[in-house]
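Working notes, beginning with the structure itself.
The values are calculated or read from the model by the stated rules, or taken from the named source; none is laboratory data. Because the structure is predicted, anything quoted here is derived from the model rather than measured. Note that each Cβ is placed from the backbone with ideal geometry, even for glycine, and that neighbours are counted across all protein chains shown.
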2 protein chains.
Amino acid sequence: MPVRVEVVAVGTELLLGDVVDTNSAWLGQHLALSGLDACYQTRVGDNVERIVAALRIALERSDAVIVCGGLGPTPDDVTREALAQLLGVELVRDDEVLARIRGMFEQRDRPMAASNERQADVPAGAGVIDQRRGTAPGLICPLPASDRVVYAVPGVPHEMTEMVTRAVIPDLQTRMGGRAAIVSRALHTWGMAESALAERLGPRLEALEATGNPTIAFLASGMAGVKVRITAKAPTVEEAVAVLDTEEVSVRALLGRNVFARDGATMEAVVGGLLQARELDLAVAESMTGGLVASRCTDVPGSSDWLRGGIVSYASEVKFDLLSVPEGPVVSKVAARAMAEGVCRVLGADVGLSVTGVAGPGTQDDMPVGTVFVGLHLAGSTSVSHLHLAGDRTLIRQTAAVSALDALRLRLLGPEEPSTG
Amino acid sequence: MPVRVEVVAVGTELLLGDVVDTNSAWLGQHLALSGLDACYQTRVGDNVERIVAALRIALERSDAVIVCGGLGPTPDDVTREALAQLLGVELVRDDEVLARIRGMFEQRDRPMAASNERQADVPAGAGVIDQRRGTAPGLICPLPASDRVVYAVPGVPHEMTEMVTRAVIPDLQTRMGGRAAIVSRALHTWGMAESALAERLGPRLEALEATGNPTIAFLASGMAGVKVRITAKAPTVEEAVAVLDTEEVSVRALLGRNVFARDGATMEAVVGGLLQARELDLAVAESMTGGLVASRCTDVPGSSDWLRGGIVSYASEVKFDLLSVPEGPVVSKVAARAMAEGVCRVLGADVGLSVTGVAGPGTQDDMPVGTVFVGLHLAGSTSVSHLHLAGDRTLIRQTAAVSALDALRLRLLGPEEPSTG
């Protein structure tokens with residue numbers, strides 16, 4: 001029986017709907033991936049008595065609780081007080097934590113408000129989870145005379161995800177001890193809808209139905225593509241991984257180059273790796289994506305090894321004057337070609353990638369919203385692809401950026417070898 | 001005392017994080033706007049016993065419960081069964097509802113599956129809320145010998161919002177008689193930590209403590225800054241808005257230009273508005289932010305009116321050759337100044353904004369990670385600011401991009417008038 005973990009999200013802003021509770025969704029996903037069961041999730045406002053009541057109910061029906069939020073420095077942050085009351089202990093100021101918070105403010109050259117001292121308060125007997133991104137440390141509170149435990153983590157998403165991945169899930173996995181190992185792996189695909197993937201994998205899915213191990217699930221993941229998640233159970237992690245390895249070969253044989261990465265690697269990191277292996281550097285010319293392709297690339301650590309830079313040619317005159325695009329419609333094959341060649345020349349790069357199109361809300365050059373041209377200049381030859389994307393302005397721009405990188409990935413992989421399967 | 005309403009969202013996909021629970025956020029917002037208090041929200045999987053348990057807990061601490069989801073035709077839709085069990089009654093097939101569902105399928109010229117008949121099952125004694133958009137009707141279930149009530153509504157967002165607006169909220173308002181309206185407003189701030197804001201607003205927070213109306217709360221919101229949320233209660237919405245208006249003036253007097261927007265406007269939209277009002281256009285030169293500033297700007301609809309374009313000068317040679325940055329360290333005041341001036345010249349813009357710095361993981365030009373220089377060229381004069389940012393690579397880049405836009409905002413606002421407060 002898997003460990004049952006309940007998420008309690010704290011914050012009046014969640015109840016008022018000012019903030020959509022994406023933390024609980026993220027936690028649900030990552031707990032499930034780690035083989036932990038989630039039967040309930042609760043949201044409660046910034047109120048000590050109500051938080052304590054919610055925690056009591058959660059601990060009656062679950063083995064572990066992750067309380068998320070209410071660790072900030074302001075008076076409405078009362079999760080620490082609620083935990084002390086739940087455990088029936090006092091809050092004790094932890095000198096080591098306090099010193100670390102002070103150090104953080106000094107490093108940033110900013111004065112520390114008196115209220116930040118509260119963030120060093122720890123319920124007596126609780127453990128502290130190091131904070132790596134903000135000021136509030138996390139807490140591990142084992143319940144007296146019981147094997148249940150409450151973890152407190154910050155509500156700021158990037159602080160929460162880092163702390164849960166690094167400390168909370170490993171701690172939970174240790175506590176669940178000698179149960180079956182459940183291991184997952186995600187293959188990221190680009191260019192196929194969920195339903196098309198399911199159809200392509202049809203025979204494999206049917207074969208697995210009989211055994212129920214491993215299982216395959218699909219998860220539409222926005223700009224990370226559609227994930228094909230394979231989950232295997234076995235007595236040990238090593239055996240589960242061996243099951244995954246075998247299944248991955250079968251899935252890749254069916255999906256081919258639509259699989260671009262595994263377990264969270266981004267499209268831009270994959271493209272960067274291919275460029276580096278071929279000792280090529282890249283220049284990007286962007287119109288409708290307005291810097292999204294370049295900013296994705298520069299988010300990859302070490303991208304200075306393969307990215308030369310980019311030009312955001314938003315106004316048409318910038319296209320004509322700087323990139324030598326011929327006067328005329330700028331949402332066109334001709335413009336995409338000239339932009340890819342022009343940016344290579346102006347920035348002195350080996351590879352030029354360009355994006356021009358219509359993100360909306362209005363049309364442009366008589367082209368409908370969602371029209372995108374991607375230009376690619378490499379080894380003396382330029383190709384242009386023509387895409388039709390759906391969605392609102394933000395979605396079209398984001399999808400265009402990733403699709404442009406995917407076009408570059410496929411070109412760098414070279415012609416596909418005939419399948420041996 | 002306002003009516004306390006609790007939302008119970010049903011669906012295993014919510015617990016697994018495959019779907020983000022936006023329904024609860026919408027309900028929270030609309031209940032608050034109608035003067036109804038929400039103290040808790042719960043999510044539970046598609047399981048009769050657990051739904052009943054969640055409803056029992058909710059009814060102990062709230063006056064009314066809205067259960068959302070689990071009314072579909074498939075076997076995992078078990079909210080009807082859970083309600084019958086909670087009320088201790090049988091499910092009865094309602095002929096009138098059945099006829100209406102049949103009619104809907106006929107109208108759409110689609111065959112009706114046998115499973116759809118289940119959607120006409122109603123717990124004995126419950127009322128039916130007409131379905132206008134899908135097939136599942138809503139339910140009103142008064143608890144025997146009590147004034148508590150459970151409403152069941154579909155989980156499909158557009159069906160839910162229509163039914164709640166038309167039937168559930170009016171029914172709740174009738175039950176609560178002439179109680180209060182609750183209205184909120186958020187002021188977005190940049191450049192001050194949550195604790196520093198609380199300290200600056202100290203006297204105001206103390207004064208409000210006595211009356212409890214309006215209330216002020218802080219919400220760290222990543223790249224949307226720290227929000228200061230003011231919430232007011234009054235007999236009518238108009239009166240509550242008047243209380244907000246007065247309080248907003250007091251808060252703005254204390255926070256000054258740290259407030260950059262209200263109710264969800266982004267920094268880039270604010271900057272775009274200021275540029276457009278002054279008939280100026282902008283060019284951006286980015287190194288460590290690698291296109292983030294430009295892509296934020298181009299995400300604003302209509303940004304072609306004020307954004308000329310940008311240059312991502314990631315490789316140092318691009319800075320030297322294209323932007324005429326003098327050879328030497330590129331993480332420097334000198335480089336930021338030359339980049340801002342250079343991009344203005346190369347792209348023919350009125351205003352030049354530049355960002356150079358160290359995002360990490362490694363240091364550069366002997367500068368520590370988090371060092372950022374922002375250059376600003378406008379009306380013949382160039383200024384440079386020097387920032388120290390904390391966090392990982394992604395956070396430092398994002399913060400640098402918004403801080404650069406904030407520097408431009410402050411410059412466009414011109415010299416601050418002496419405070420009269």
Taking the options A:331, A:374, name whichever one is modelled with pLDDT of 95 or more, part of a loop (DSSP other than H, G, I, E, B) and of a type in the set (A, V, I, L, M, F, W, C). A:331
Condition set aliphatic (A, V, I, L, M) and part of a strand (DSSP E or B), scope the range B:135-166, selection farthest from residue B:5 (Cα to Cα): answer is B:139
Before we move on, is residue A:331 in the same structural domain as residue A:388 (by TED's automatic domain parsing) and either free of Cβ contacts under 8 Å to residues at least 60 places away in the same chain or not aliphatic (A, V, I, L, M) (or both)? yes
For the subset of the range B:1-27 comprising residues that are within 8 Å of chain A (Cβ to nearest Cβ) and under 22 Å from residue B:73 (Cβ atoms), which member is modelled with the lowest pLDDT? B:18
Check B:345, B:337, B:257, B:278 and return the single one that is surrounded by fewer than 24 Cβ atoms within 10 Å (Cβ to Cβ) and assigned by TED's automatic domain parsing to the domain that holds residue B:221. B:257
Can you find a residue in the range A:151-166 that is buried (at least 18 other Cβ atoms within 10 Å of the Cβ) and farther than 18 Å from residue A:23 by Cβ? no
In this structure, is residue A:382 at pLDDT below 95, surrounded by fewer than 19 Cβ atoms within 10 Å (Cβ to Cβ) and hydroxyl-bearing (Ser, Thr, Tyr)? no
Among the residues of the range B:68-78 satisfying the criterion of being over 16 Å from residue A:39 (Cβ atoms) and touching a residue at least 60 places away in the same chain (Cβ under 8 Å), which is farthest from the chain's Cα centre (by Cα)? B:73
In the range A:40-50, what residues are farther than 30 Å from residue B:188 by Cβ and crowded, with 19+ Cβ neighbours inside 10 Å? A:40
Look through the range B:40-56, keep the residues that are in a helix (DSSP H, G or I) and within 27 Å of residue B:166 (Cα to Cα), and return whichever of them is nearest to the other protein chains (Cβ to nearest Cβ). B:54
Count of the range B:2-27 residues which are at negative phi and either of a type in the set (A, V, I, L, M, F, W, C) or free of Cβ contacts under 8 Å to residues at least 12 places away in the same chain (or both): 16
Scan the range B:83-97 and give yes if some residue there is at pLDDT 95 or above and crowded, with 24+ Cβ neighbours inside 10 Å, otherwise no. yes
Right, residue B:61: in contact (Cβ under 8 Å) with a residue 24 or more places away in the chain, of a type in the set (Lys, Arg) and buried (at least 24 other Cβ atoms within 10 Å of the Cβ) or not? no
If you take just the strands (runs of 3 or more DSSP E) that sit entirely in the range B:188-289, which of them hold at least 3 residues that are in contact with a helix residue (DSSP H, G or I) (Cβ under 8 Å, 6 or more places away or on another chain), more than 14 Å from chain A (Cβ to nearest Cβ) and closer than 15 Å to residue B:405 by Cα? B:259-262
Tell me, which residue of the range A:83-98 that is without any contact (Cβ under 8 Å) to a residue 40 or more places away in the chain and assigned to a helix (DSSP H, G or I) is farthest from residue A:116 (Cα to Cα)? A:85
Of all residues in the range B:28-39, how many are in contact (Cβ under 8 Å) with a residue 24 or more places away in the chain and at the interface with chain A (Cβ under 7 Å from one of its Cβ atoms)? 3
Residue selected from the range A:347-371 under the condition part of a strand (DSSP E or B) and in contact with a helix residue (DSSP H, G or I) (Cβ under 9 Å, 6 or more places away or on another chain), by the criterion farthest from residue A:288 (Cα to Cα): A:351
If you check A:321, A:365, A:350, which single one turns out to be more than 7 Å from chain B (Cβ to nearest Cβ), over 17 Å from residue A:394 (Cα atoms) and touching a Leu at 6+ places or on another chain (Cβ under 8 Å)? A:350
Any idea which residue in the range B:298-313 is surrounded by the most Cβ atoms within 10 Å (Cβ to Cβ), counting only those that are more than 7 Å from chain A (Cβ to nearest Cβ) and in a helix (DSSP H, G or I)? B:303
Does any residue of the range A:100-123 turn out to be more than 9 Å from chain B (Cβ to nearest Cβ) and part of a loop (DSSP other than H, G, I, E, B)? no
In the range B:180-205, anything within 14 Å of residue B:244 (Cα to Cα) and of a type in the set (A, V, I, L, M) is listed as B:181, B:182, B:183, B:186, B:187
For the range B:12-39, which positions are crowded, with 24+ Cβ neighbours inside 10 Å and part of a strand (DSSP E or B)? none
I need the full set of residues from the range B:217-249 which are modelled with pLDDT under 90, surrounded by 15 or more Cβ atoms within 10 Å (Cβ to Cβ) and among the small types (Gly, Ala, Ser), in order please. B:217, B:220, B:221, B:224, B:232, B:234, B:240
Where the second residue is of a type in the set (S, T, N, Q) and assigned to a helix (DSSP H, G or I) and the first is in the same structural domain as residue A:332 (by TED's automatic domain parsing) and lies in the range A:379-408, which pairs have Cβ atoms under 7 Å and are six or more apart or on separate chains? A:387/A:403; A:389/A:399; A:391/A:399
Filter pass, residue A:391 being outside any helix (DSSP H, G or I), surrounded by fewer than 19 Cβ atoms within 10 Å (Cβ to Cβ), within 14 Å of chain B (Cβ to nearest Cβ) and touching a Gly at 6+ places or on another chain (Cβ under 8 Å): yes
Filter the range A:275-319 down to the residues that are β-branched (Val, Ile, Thr) and either in contact (Cβ under 8 Å) with a residue 60 or more places away in the chain or closer than 15 Å to residue B:343 by Cβ (or both) and list them by number. A:284, A:289, A:293, A:311, A:312, A:318
Per the filter on the range A:400-419, residues touching a helix residue (DSSP H, G or I) at 6+ places or on another chain (Cβ under 9 Å) and farther than 22 Å from residue A:338 by Cα are A:413, A:416, A:419
Would you confirm, using the coordinates I've provided, whether residue A:401 is among the small types (Gly, Ala, Ser), under 22 Å from residue A:276 (Cβ atoms) and crowded, with 24+ Cβ neighbours inside 10 Å? yes
So residue A:132 ticks every box in (1) part of a loop (DSSP other than H, G, I, E, B); (2) closer than 22 Å to residue A:32 by Cβ; (3) among the charged types (D, E, K, R) but one. Which box is left unticked? (2)
